[in-house]
Amino acid sequence: MRQAARAGRPIFEAHAEPGGKERFAGRRFLAFAGIGHPEKFFETLRGTGAEVALSRSFPDHHFYAPDELAELAATARREGLGLVTTAKDAARLRHGAASAEFLGQLDVLEIDATFELDNVPERIIDETLDAWRQRRLRG
């Protein structure tokens, strides 16, 4: 952030907010994640009112093998838990080893960026387009 400020770049403050919190409140889950800091995901999920009864952490950018997914599904079923993961992991699963059946029982915790000021996404786009036009006119 300091670098951006020194370079004269605009700084837009935002915070991450879990989307669809009501879908998770009061439910028990086996939560799994293959991201850099999976504990942050588990804490965010708890913040929705969900109970993380079991959790499994995998390395960042983990490629899930079919036997790992089968074990996750079997454990969740045996313990009476829902399965939940991150949007990043869900995208990887959709293009990887996950079956349609596995994906059908999977909940995904989406994270939304909420900006402190109104119309920030539009302002970012407008400022980017203006800067592009200025460079184009000069070149």
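The values are calculated or read from the model by the stated rules, or taken from the named source; none is laboratory data. None of these values were measured; they are calculated from a predicted model. Positions of Cβ are backbone-derived with ideal geometry, glycine not excepted, and every protein chain shown enters the neighbour counts.
In the set ARG92, ARG56, ARG133, ARG46, which member is of a type in the set (D, E, K, R) and touching a helix residue (DSSP H, G or I) at 6+ places or on another chain (Cβ under 7 Å)?
The match here is ARG56.
Count, please, the residues in the stretch 39-57 that happen to be in a loop (DSSP other than H, G, I, E, B) and in contact with a strand residue (DSSP E or B) (Cβ under 7 Å, 6 or more places away or on another chain).
Residues that pass the stated criteria total 2.
Write out, first by first residue and then by second, each pair whose Cβ atoms fall under 7 Å of each other, whose residues are 6+ apart or on separate chains, and whose first residue, in the stretch 119-134, is within 20 Å of ALA14 (Cβ to Cβ) while the second is at pLDDT below 80.
Qualifying pairs under 7 Å: VAL120/PHE12; ILE124/PHE12; GLU127/PRO10.
Considering the stretch 88-99 alone, what residues qualify as being modelled with pLDDT under 95 and closer than 20 Å to ALA74 by Cβ?
The answer is GLY96, ALA97, ALA98, SER99.
Which residue out of THR85, THR114 is modelled with pLDDT of 95 or more, hydroxyl-bearing (Ser, Thr, Tyr) and under 25 Å from THR48 (Cβ atoms)?
Matching residue, one of THR85, THR114: THR85.
Which pairs do you get when a residue that is under 25 Å from PRO18 (Cβ atoms), found in the stretch 57-84, comes within reach of a residue that is in a loop (DSSP other than H, G, I, E, B) and polar (S, T, N, Q), reach meaning Cβ atoms under 6 angstrom, with the pair 6+ apart or on two chains?
LEU83/GLN105
Can you name every residue in the stretch 76-104 that is surrounded by 12 or more Cβ atoms within 10 Å (Cβ to Cβ) and not in a helix (DSSP H, G or I)?
Listed by number, the residues that qualify are LEU81, GLY82, LEU83, VAL84, THR85, THR86, GLY96, ALA97, ALA98, SER99.
Within the stretch 105-130, count every residue that is touching a helix residue (DSSP H, G or I) at 6+ places or on another chain (Cβ under 7 Å) and part of a helix (DSSP H, G or I).
Counting residues in the stretch 105-130 that are touching a helix residue (DSSP H, G or I) at 6+ places or on another chain (Cβ under 7 Å) and part of a helix (DSSP H, G or I) gives 0.
What number of residues in the stretch 18-56 are free of Cβ contacts under 8 Å to residues at least 60 places away in the same chain, under 15 Å from the mean Cα position of the chain (by Cα) and surrounded by fewer than 18 Cβ atoms within 10 Å (Cβ to Cβ)?
Final tally of qualifying residues: 8.
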